[in-house]
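Since the structure comes first, as structure tokens, the remarks are kept for the end.
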Amino acid sequence: MAVYLSDMSKCLPQSALSRTTQSKHWRLVEYESATVSGTMMVAASLSDTPDVEHPLEVTGWHAVYIGYATQMHGEHAAFKVRLKHDPCFVTIADDEPDGLEVMTMREVFWRYADLTGESIIIGQHTTQVGLPGTGGGRHWGGVAFVKLEPLSESQVAAIQADRADSGKRNIIASNDGGFVGWRNATTESDILEQVELYRDSDVGRIDWSVVSGEITKYPSKLGDNLHERNTDEAASVYAKALVDNLRTLIDKDLVPHKVAMKHAHGMGMKFYYMFRMALGPSSGNLFTDRPELCMVDRDGTRLPKMSFAFPEVRQCVLDLMEEVIDDEVDGINVCWIRGLRVIGYEQPVVDAFEKAYGEDIRSVPEDDPRIYQVQAGFMTDFMRQVRHVADAAGEKRGRPLAICAMVGSTLAGALRDACDIKTWVDEKLVDEMISAAVLTRYLQANGVKEIIYAGPNGRDEYLRSTIILAETGADGLFIWDVNHVHDLAAHWAMIRRMGHTEEIIDARDEKLNVKRIPLKTLDRIDVCHTQPWGGHDALVIYTGG
């Protein structure tokens, strides 16, 4: 039988709690519902409350659920939670409104754990940038209860066997590193929190953006170091925070991808470095210093992006790859969807077309397939060089370095963007591809793993992608910059089990959902009394706006 710990007034230290609204205190609020009643604790956005600890006083394995408070209009609510012996917090957040007809608490499955000797620690949400009028702040949030369900020996054995099944850990999460700005990340724990959430989930790999164009998110001797940029005239509060916070971390010898990778490996996960390929006005010095290397349209218009038709541009990216690849990383993600197209009608392309066909490329129809083949030749040369870099690194360290290319199209569609997937596959220039599901059988038949792009676009998209994974037999799912949504309870409840396709499709496991618990009273006020004529407005909680 489940045990509810619903009296948050038992949290320690008691000095951090108050029955009234006070700065640096959690406010205690009594509540009643048909399921559970007790005293919740909440913290306002700017209250700057300390962490508090609730004793658990149980032994053995349990399923742990967290009940939390929400706001009536769906304002973003969030808090942080961990067990006493965990390395860091994880965040639980919610941005889904109730509407005016009801006020609810939410209940979400958190984890399975051996709670012997443990207590639960609750913290206020991390400071973020960009709140109106402040330039920073936290989301409102609070905890109403912790629900503990004891587990039998057979249940524990099944959980441990499931965790040992690496075949289900086929979800790939990408991280663009932007959290350093919007989450005001300045400590090691801030970085660890980006990874810790994935523990014991189906997320088995992180693809972490280390280079965007030639902007480097680590101390580079070759690239345009993001942390060295002048933020006096930053374009936004976020842009300034990103640079300033990254500088703070690096000054502490905390390079985000290094810290994250060590933690991921300690959790049994793989870790890839992602290279986002577009080189444009905001992506480094090459654009300013070498304008003659820009793309050119067929009418001669110079475009604001560097062209991979030029050896200097290709070498710039290759040099950064060689610099950052180390003995620990498991692979690299060559991310073309952040950049295509990157070849136009530059002089090397014009010359190559004339040499091959004796014609001016600018005079033939724009959809002439010969154009795509010639342009793709330059991209294929680059991918051959990437293969050489990866193989050299693998030989040096004594284990292979995998190459994953992200294109996201059909063979014909990719070729129009100068990506000749067929040649890449034939020449074994890639080990994996993140692309459209239509390529699964072709890629797998040629020894290349295929990972299907899966959002993040919400629960309906997660279900659709999981069905495709099950039907195609692809090798996994890739969720783009999932760190922007993985704290949201409704998202994470599904993402954490998407490798278990049968569970997601069946959809009957309550742990895949966020349960809404209607409140009867809050702070001794009736919050469920609706209009007598059957209307839905709960007048007692909303009287204007």
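The values are calculated or read from the model by the stated rules, or taken from the named source; none is laboratory data. Every value quoted in this text rests on a predicted model; they were computed, and no experiment measured them. Ideal geometry is used to build each Cβ from the backbone, glycine not excepted, and the neighbour counts take in all protein chains shown.
Among residues of the range 173-188 that are of a type in the set (Gly, Ala, Ser), those with a Cβ under 6 angstrom from a residue that is part of a loop (DSSP other than H, G, I, E, B) and modelled with pLDDT under 95, sequence gap 6+ or separate chain, pair up as Ser174/Trp480; Ser174/Asp481.
Among the residues making up the range 271-318, a single one is under 14 Å from Glu346 (Cα atoms), polar (S, T, N, Q) and in contact (Cβ under 8 Å) with a residue 12 or more places away in the chain: Ser307.
Under the condition of being assigned to a strand (DSSP E or B) and touching a helix residue (DSSP H, G or I) at 6+ places or on another chain (Cβ under 9 Å), the residues counted in the range 1-19 number 1. Every listed requirement among (1) out of contact with any Ser or Thr (no Cβ under 9 Å at 6 or more places or on another chain); (2) in a loop (DSSP other than H, G, I, E, B) is met by Ala63 save one, (2). Scanning the range 316-342 for residues that are of a type in the set (Val, Ile, Thr) and under 17 Å from Met269 (Cβ atoms) returns Val329, Ile332.
Quick grid of which residues meet (1) over 24 Å from Lys80 (Cα atoms); (2) modelled with pLDDT of 95 or more; (3) assigned to a loop (DSSP other than H, G, I, E, B):
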| position | (1), (2), (3) |
| --- | --- |
| Ile122 | no, yes, no |
| Thr126 | no, no, yes |
| Pro132 | no, no, yes |
| Gly141 | no, no, no |
| Phe145 | no, yes, no |
| Gly181 | no, no, no |
| Ser201 | no, yes, yes |
| Ile206 | no, yes, no |
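Report the residue count in the range 422-455 for those that are assigned to a helix (DSSP H, G or I), closer than 16 Å to Trp336 by Cβ and under 27 Å from the mean Cα position of the chain (by Cα). So the answer is 2.
Listed conditions (1) closer than 26 Å to Ala78 by Cβ; (2) surrounded by fewer than 21 Cβ atoms within 10 Å (Cβ to Cβ) are all met by Ala489, apart from (2). Determine whether the range 489-503 contains at least one residue that is outside any loop (DSSP other than H, G, I, E, B), among the acidic types (Asp, Glu) and closer than 30 Å to Asp367 by Cβ. No, there is no match, as no residue in the range 489-503 is outside any loop (DSSP other than H, G, I, E, B), among the acidic types (Asp, Glu) and closer than 30 Å to Asp367 by Cβ.
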